[in-house]
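Read the structure below first, then the notes.
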Amino acid sequence: MSIVAPSRLLIYHADLRLKVVSLPRASTSLDSLVHRNGGYLSAATEVRAEGEWRQAITIRVAPARFQPLMAALG
């Protein structure tokens, strides 16, 4: 009987806050950027708070594409 060590997953996490002029236009651009980096949106919520629309999203992307995606968001 052999024991197999579990494979490790590399997970990066970032919290970003961006202020945009147009949330719909920014969302479209973000979707395109994520798709070009081989990622996808796994969750999204949108609420109106303090007179502004706010959106929280979770993006999933391969570890090798994390830094390029963060640079593109900047």
Long-range neighbours under 9 Å by Cβ, at least six apart or interchain, first residue farther than 17 Å from ASP15 by Cα within region 32-53, second of a type in the set (Gly, Ala, Ser) and assigned to a strand (DSSP E or B): VAL47/ALA56
Give me a count of the residues in region 1-26 that are small (Gly, Ala, Ser) and within 11 Å of the chain's Cα centre (by Cα). 1
Answer residue from region 17-61, given it is among the small types (Gly, Ala, Ser) and part of a loop (DSSP other than H, G, I, E, B) and is surrounded by the fewest Cβ atoms within 10 Å (Cβ to Cβ) among those: GLY51
Give me the pairs, please: first residue somewhere in region 63-74 and farther than 11 Å from GLY39 by Cα, second residue anywhere and open to solvent by 80 Å² or more (accessible area, probe 1.4 Å) and basic (Lys, Arg), beta-carbon distance under 9 Å, and either six or more positions apart or on two chains. ALA72/ARG36
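The values are calculated or read from the model by the stated rules, or taken from the named source; none is laboratory data. Nothing here was measured: the structure is a model prediction, and the numbers come from that model. Cβ: placed from backbone, ideal geometry, glycine included. Neighbour counts: every protein chain shown. These accessible areas exclude ligands, DNA and RNA; they are computed on the full protein's heavy atoms, side chains included. Shrake-Rupley method; radii C 1.70, N 1.55, O 1.52, S 1.80 Å.
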